[in-house]
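Here, each number is a calculation from the coordinates, and none is a lab measurement. Model, not experiment: these values are computed from the prediction. As a convention, Cβ positions derive from the backbone with ideal geometry for all residues, glycine included, and neighbour counts pool all protein chains shown.
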Amino acid sequence: MTHKDILLEIRGPIAVIRLNRPAKRNALNDSLILGLRELFEKELPETGVRAAVLDGAGEHFCAGLDLSELKERDAGQGLYHSRMWHAALEQVQYGPVPVVAALHGAVVGGGLELASACHIRVADETAFYALPEGSRGIFVGGGGAVRIPRLIGAARMTDMMLTGRVYNAQDGERAGFAQYLVPQGQASARGIELANRIAENAPLTNYALMHALPRIAEQPADQGFLTEALMAAIAQSAPEAKTRVKAFLDGKAAKVRKG
Ligand code: 1HE
């Protein structure tokens, strides 16, 4: 059963997943993190959707870790807590379908870590990005140290944590947090549009983009080229690829148009 603070709506080929704890600015307590893991690992695969959108109810996407649960933990408990986040966000990144994060308001701390585990980020003009961990005397623990530098570079992340710098939506898009910047209130609608487009792809193409590309990008070049060749060979041998290529050659598929 879907967690009490998560709304799941199936809209044809896509799922719309909403963090629904607006009174606490969608702060992520342990229960909600485990709920996200359960959703991506068990519930979503059963729905048969081909893409998903993740957004937040209320004025903000997500205020990060629920600080009211940050009680005294010893080093071992801290390690397990962080690994619990890793396991949950791993299910988002390497789960069943590509996930578009639709961002508005605060995208901070663990909220930014969650957004970074998604495959595409669409932000509206109200979005802002920060890593207040630096000011709270803690460190990122939800995979941010790995994923955020891959979006914006280690130098920008270091600056954010050392100085408390907050990026607004425009600067955030330029820095690489979001791939799309839309007017206020339109992030979810645009996310849904993109997810529907993603759902039209051959499933193997989406699989390759989710599971092969990030690993290839981390491999030494000679290994990356080989992995790419293996993935390409598998994707192009699928019947769906042959049908799609034939449709183009028969003049029945869309051409690429100038953006
Ligand atoms: C919270 C949290 C939270 C709000 N944990 N309760 N994250 C942060 O350090 C960010 C902390 N939050 C904020 O800076 C602001 O709340 C916001 C900029 C996100 C939103 O401001 P605003 O004015 O809209 O809301 P608010 O009045 O500050 O908050 C409304 C309520 O939500 C209030 O509770 P109330 O009972 O007084 O109504 C807040 O206490 C509560 N609230 N954010 C708990 N984060 C895996 S490691 C990840 C490490 C981190 O993420 S550290 C960064 C944590």
Problem set entry | Most to least packed among 58-65, 173-180 [average Cβ atoms within 10 Å] | 58-65, 173-180
Seminar exercise, completed: If 114, 162, 32 are placed from fewest to most neighbouring beta carbons inside 10 Å, the sequence is 162, 32, 114
Exercise. How many angstrom separate the Cα center of the range 118-181 from the Cα center of the range 186-246?
Worked result: 26
For this session: Just name one of 141, 168, 183: the one whose Cα is farthest towards the positive end of the charge dipole of the range 131-213 (beta-carbon charges, Lys/Arg +1, Asp/Glu -1).
Result: 141
Exercise. For the range 136-185, taking Cα atoms only, what is the radius of gyration to one decimal and the Dmax to the nearest whole Å?
Worked result: 11.9, 35
Exercise. By a straight-distance test (C-alpha under 17 Å), which lysines pair with residue 246 as possible cross-link partners, with residues fewer than eight away in the same chain excluded?
Worked result: 255
For this session: Just need log10 I(q)/I(0) for the range 131-248 at q = 0.14, 0.15 Å⁻¹, Debye formula, equal scatterers on the alpha-carbon atoms, no solvent, rounded to two decimals.
Result: -0.87, -0.95
Seminar exercise, completed: Ranked output for segments 204-213, 36-45 by mean other Cβ atoms within 10 Å, highest leading, reads 36-45, 204-213
Exercise. Dividing the convex hull volume of the alpha carbon atoms of the chain by its residue count, what do you get in Å³ per residue?
Worked result: 149
Seminar exercise, completed: Taking placed amide H atoms and a strict 5 Å upper bound, the residues 5 or more places from residue 6 or on another chain that come that close are 20
Exercise. Cα convex hull of the range 1-140: how many Å³ per residue?
Worked result: 101
Problem set entry | Only Lys, Arg (+1) and Asp, Glu (-1) charged, at Cβ; the range 1-97 dipole about Cα centre in debye | 140
Exercise. Considering only 259, 152, 62, whose Cα is most displaced toward the positive end of the charge dipole of the chain, charges sitting on Cβ of Lys, Arg (+1) and Asp, Glu (-1)?
Worked result: 259
Seminar exercise, completed: Measuring from the longest principal axis of the C-alpha atoms of the chain, the long axis of helix 154-163 (C-alpha) lies at a number of degrees, nearest 10, equal to 20
Problem set entry | Under Karplus coefficients 6.51, -1.76 and 1.60, residue-wise ³J(HN,Hα) of the range 2-17 in Hz, glycine/proline x | 5, 4, 5, 9, 10, 9, 10, 10, 9, 10, x, x, 10, 10, 10, 10
For this session: Pop out the Kirkwood hydrodynamic radius of the range 66-129 from its pairwise C-alpha distances, inverse of mean 1/r, in Å to one decimal.
Result: 13.2
Exercise. How many percent of DSSP beta bridges within the chain run antiparallel, rounded to 5?
Worked result: 30
Seminar exercise, completed: Candidate cut points under GluC sites (Glu not before Pro) in the range 174-259, DSSP loop plus at most 12 other Cβ atoms within 10 Å of their own Cβ, are 200
